[in-house]
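Below is one structure; the comments refer to it alone.
Values quoted throughout were computed directly from the atomic coordinates according to the rules given, and no laboratory measurement underlies them. All values derive from a computational prediction rather than experimental measurement. All Cβ positions, even for glycine, are placed from backbone atoms using ideal geometry, and neighbour counts span all protein chains on display.
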Amino acid sequence: MSDTDKTPVLEARGIVKVFGQHRALDTVDFTANAGEVHALLGENGAGKSTLIKILTGAYQPDSGALLLDGEPIHLRDPLHGQSYGIGTVYQEVNLLPNRSVAENLFLGRQPTRFGLIDRRRSEDLARDLLARYGLAIDVRAELSEFSVAVQQIVAIARAVELSGKVLVLDEPTASLDRNEVQRLFEVVRNLRDQGLSIIFITHFLDQVFDLADRVTILRNGRKIVTQPLNTLSTTDVVRMMLGKDVAFDHHPSALGGAARGDVHVQFKGLGRKDMSPFDLAIHEGEVVGVAGLLGSGRTEVARLMFGVDTADQGEVVVKGKAMTIRNPAQAVAAGFGFCPEDRKLDGIFGDLSVRENIIIALQAKLGWFRTLNRDDQIELAGRYAEALDIRAANHDMPVRLLSGGNQQKVILARWLAIDPTFLILDEPTRGIDVGAHAEIVRTINRLREEGLALFVISSELDEVVAYSNRVVVMRDREMVAELAGDAIAPDGIVQAIAGTPRETNA
Amino acid sequence: MTRPTADIRPSSQPPHPPARPIYTFFTRPQVIALVAVLLVNWLLFPGFFTITWQDGRLFGSLIDVLNRGAPVAILAIGMTAVIATKGVDLSVGAVMAISGAVAATLVSSGVPATVAVLAALAAGLLCGLWNGILVTVLDIQPIIATLVLMVAGRGLAQLITEGSIVTFADPLLVFLGTGSILGLPTPVVIAIVLMIVATLIVRRTALGLLIEAVGVNRSAARFAGLSAGTLLLIVYTFAGFCAAIAGLIVAGDIRGADANNAGLWLELDAILAVVIGGTSLMGGRFSIPLAVLGAMIIQAMNTGILISGFSPEFNLVVKSAVIIVILVLQSPLSARVFRRRPDGRPGNPQ
């Protein structure tokens with residue numbers, strides 16, 4: 001797809017945005033054409049979200065101009081942007097979960113009759129509208145009854161209805177599984193073919209190559225390049241994002257036969273009414289990777305192991321000693337640590353400082369009266385922030401001000417501070433930038449070399465392959481396969497997830 | 001086993017700001033508000049700051065503010081911990097009535113005063129424990145869980161006093177309400193001691209941090225291995241204990257237990273004091289001394305309106321106006337205007 005046969009819809013010229021001393025955007029040009037999907041890439045802090053906020057009207061640029069169809073425009077706020085035809089859909093669906101689908105679609109502009117809302121007509125309209133997106137659902141049902149993917153499509157439908165020229169998708173796929181992503185992409189491709197200009201932001205490079213026509217890469221507030229994707233390779237893109245080469249370890253066989261220590265922790269027939277019992281032994285110095293689709297029971301296994309959910313049956317043996325683990329406090333006492341999937345909900349204490357977030361698990365383990373004083377806390381936080389390269393202006397600032405990648409590292413630091421022997425990581429690299437991503441993968445490898453037992457859940461197969469000694473595959477809340485040695489390869493895992501030629505489970 | 005840090009050479013660490021200098025305490029909105037209210041009182045009533053020494057104790061309007069404000073201050077001490085966990089305790093007024101009723105009924109039936117006082121405190125602990133169990137074990141929302149005892153508590157107190165106002169002249173109870181220690185009224189001394197002890201306990205141990213963690217994010221607290229349930233039980237029990245002390249003071253002051261009116265609506269003053277003290281109803285960061293200061297601001301306003309000869313109806317209007325001013329001063333808006341962070345600390349966000 002060449003640039004010439006497309007007309008520019010939304011153009012930004014020489015945009016500068018300064019926050020205090022920091023130039024978030026430095027004379028950035030950006031053009032979104034009609035009928036294209038334009039990916040916007042960059043590490044956290046590159047200026048992606050600032051640029052998006054300027055394009056949608058949430059921020060005003062300090063200098064530079066916005067042009068819509070060649071005419072200069074000045075956006076006061078996102079609502080004003082919407083009136084010009086610029087709509088946004090965010091990662092977390094910004095709709096009302098407890099209202100019906102139809103109400104969400106037409107909120108604020110419902111069809112009325114005699115001054116009252118015409119419910120039936122609004123429902124008919126909603127059904128017609130969603131049919132165009134290939135969605136046949138009960139529009140009277142509450143939005144929250146549907147999967148995130150469906151909610152995402154409803155949000156897109158609403159945004160397109162309201163605006164209809166430019167659609168900004170800010171990490172729309174972060175909480176979707178593979179099939180849902182494909183479904184969403186079909187919707188997006190359809191909209192593109194109808195002539196919409198779509199700006200797509202994501203951390204998943206394969207999705208960029210799958211969906212986008214052109215890409216703009218930002219780094220440190222500057223535009224590096226805007227280029228059609230078919231002229232670029234993944235390595236090119238990553239190199240331009242990071243400004244350097246990164247290489248993941250892609251030699252599975254090296255790990256498959258790697259030396260490992262004695263059995264550290266054994267789960268014998270651990271199960272619960274919604275989870276088939278499983279047996280698993282994890283050795284010292286071993287990473288057991290977990291693969292499976294969303295909803296396959298991956299997170300549930302981790303929660304059972306850590307005592308977040310209480311097991312109905314089975315036992316946990318640590319170093320040959322049977323342990324009672326009925327709540328997380330007991331798991332911590334047994335030397336376990338757990339970085340949960342949902343950082344914001346289950347991980348960070350947003351208003352507490354970086355330092356307090358790092359020492360909290362150790363403090364809870366020590367009890368109320370063996371208090372870590374300020375000097376201990378500063379020393380501990382400094383040490384682990386150092387080791388994991390946590391970037392914070394200071395350690396007394398609230399952790400919620402850090403980027404997602406740094407928050408993830410803070411939680412990892414919290415567990416390293418208790419000197420764990422067994423660490424459970426649930427999607428440790430989800431939704432974080434490439435630099436932090438590489439840092440966390442490096443840390444996993446380093447911890448394994450030091451003799452920790454690790455249980456790592458991830459949707460990114462390349463990643464699982466890169467650091468696992470063994471891979472457990474889950475399907476329908478059951479461990480269906482265990483791969484070791486040369487069998488650890490993305491295609492083998494995909495086959496196991498899909499359940500190809502294996503005996504059917506009763 | 002060595003941690004991954006072992007082979008990493010240290011580089012420059014981000015700076016950690018030194019502990020807040022003491023003078024910043026006096027630039028806090030609560031302190032400014034208290035000084036302002038006291039000055040207004042002084043303008044309305046020139047003798048406001050006059051303190052005299054009579055019969056071995058201090059007298060004066062200022063002492064009166066401290067004395068009258070002590071029960072709410074004591075309630076606020078317990079309430080601060082509860083609100084920091086994102087909860088609230090509506091029952092403290094009713095618990096005051098129960099505690100007073102228990103003490104009065106026991107002394108008037110001939111039980112030694114020390115036993116009666118201990119029984120009243122035990123009743124408060126029990127009430128707090130009950131709230132804590134409803135909140136933790138049954139997982140009821142705090143506002144509903146404590147509403148139960150707020151309503152039922154007055155009934156219980158009336159059952160204990162059998163519907164009448166039980167009067168007494170026991171010296172120990174009267175001393176708690178109207179006596180003096182080193183020239184200061186007993187309630188003031190009790191409030192100050194309780195404030196200092198409670199502050200030391202939460203700040204010198206990890207208790208304060210753990211309470212804040214539970215308030216900021218209870219789910220994350222569970223994942224981090226905190227026993228949130230035990231902590232909640234403790235803070236509600238402590239709130240009940242504080243309410244029992246306040247109940248003893250109020251009963252001692254009027255030399256009788258009035259199940260209907262003792263502590264009536266004081267839970268609202270206590271919540272207000274905590275909020276004025278800067279603790280958010282959304283839980284998290286808290287300060288016990290500032291909540292006590294909040295109680296003093298409320299009482300200074302009450303006293304000011306009383307001595308200036310305005311009719312007490314003004315009290316409510318003036319009070320709400322002052323509250324609005326204080327809340328605006330604490331809001332993120334004014335933090336932006338005055339280029340300070342809401343919690344008053346110098347900050348340096350990214």
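Per Stokes-Einstein, at 25 °C and 0.890 mPa s, what whole-number D in µm² s⁻¹ belongs to the protein assembly as shown, with the Kirkwood radius over Cα pairs as the hydrodynamic radius?
80 µm²/s
Determine which aspartates and glutamates satisfy two conditions relative to A:Lys273: a Cα distance under 17 Å, and not lying fewer than 8 residues away in the same chain.
Cα-Cα hits under 17 Å: A:Glu300, A:Asp309, A:Asp312, A:Glu315, A:Asp476, A:Glu478.
So for the pair A:Thr310, A:Gln60, with labels modelled 7 Å out along Cα→Cβ, what separation do we get in nm?
Output for this residue pair reads 5.8 nm.
Taking the Cα-to-Cβ direction at A:Tyr90 and at A:Thr234 and moving 7 Å from each Cα, how far apart do the two end points lie in nm?
For the pair A:Tyr90/A:Thr234, the computed spacing is 3.1 nm.
Take the Cβ-Cβ distance between A:Arg178 and B:Phe314 as r, set R0 to 45 Å, and report the resulting FRET efficiency rounded to the nearest 0.05.
E between A:Arg178 and B:Phe314, to the nearest 0.05, is 0.10.
Could you size up the charge dipole of chain A around its Cα centre, putting +1 on the beta carbon of Lys and Arg and -1 on that of Asp and Glu, and report it in debye to the nearest 20?
940 debye
For a footprinting-style exposure proxy, rank A:Glu186, A:Glu103 by other Cβ within 10 Å, fewest first.
The order, fewest Cβ neighbours first, is A:Glu186, A:Glu103.
How high is the relative contact order of chain A? Use alpha-carbon pairs under 8 Å, at least six apart in sequence, and give a whole percent.
15 percent
Which listed residue (A:Ala487, B:Ala220, B:Ala145) has the Cα farthest towards the positive end of the charge dipole for the protein assembly as shown, taking +1 on Lys and Arg C-beta and -1 on Asp and Glu C-beta about the Cα centre?
The Cα lying farthest towards the positive end belongs to B:Ala145.
Among the lysines, which have Cα under 22 Å from the Cα of B:Lys86 when same-chain residues fewer than 8 positions away are ignored?
A:Lys344
Show me, for region A:65-74, the HN-Hα J-couplings you get by feeding each phi into the Karplus relation (A = 6.51, B = -1.76, C = 1.60, θ = phi - 60°), rounded to Hz, glycine and proline as x.
Karplus-based 3J(HN,Hα) across region A:65-74 equals 9, 9, 10, 10, 6, x, 9, x, 10, 10 Hz.
Round to the nearest 10 and give me the degree value, 0 to 90, for the angle of helix A:119-131's Cα axis relative to the longest principal axis of chain A.
80 degrees
Can you compute the charge dipole magnitude of region A:8-242 about its Cα centre, using +1 on each Lys and Arg Cβ and -1 on each Asp and Glu Cβ, nothing else charged? Give it in debye, rounded to the nearest 20.
The dipole of region A:8-242 has a size of about 380 debye.
Using alpha-carbon pairs under 8 Å, 6+ residues apart, how would you state the relative contact order of region A:289-438 in percent?
28 percent
If I model a spin label as a point 7 Å beyond the Cα along the Cα-Cβ vector, how far apart are those points for B:Thr230 and A:Arg326 in nm?
Roughly 1.4 nm, to one decimal.
Let a ≥ b ≥ c be the square roots of the eigenvalues of the Cα gyration tensor of region B:50-137; is it rounded (a/c under 1.5), or, if not, prolate (a/b larger than b/c) or oblate?
oblate
When the Cα centres of region B:28-59 and region A:325-352 are compared, how far apart do they sit, in Å?
50 Å
Mind putting a number on the dipole of region A:346-418 about its Cα centre? Charges go on the C-beta only, +1 for Lys and Arg and -1 for Asp and Glu, and I need it in Debye to the nearest 20.
120 debye
Please give the calculated 222 nm ellipticity per residue for the protein assembly as shown, where each DSSP H segment of at least 4 residues contributes -39500 (n - 2.57) and the sum is spread over every residue; nearest 500 deg cm²/dmol?
Mean residue ellipticity, 222 nm, calculated: -14500 deg cm²/dmol.
Relative contact order for chain B: what is it in percent, counting Cα pairs under 8 Å that are at least 6 residues apart?
30 percent
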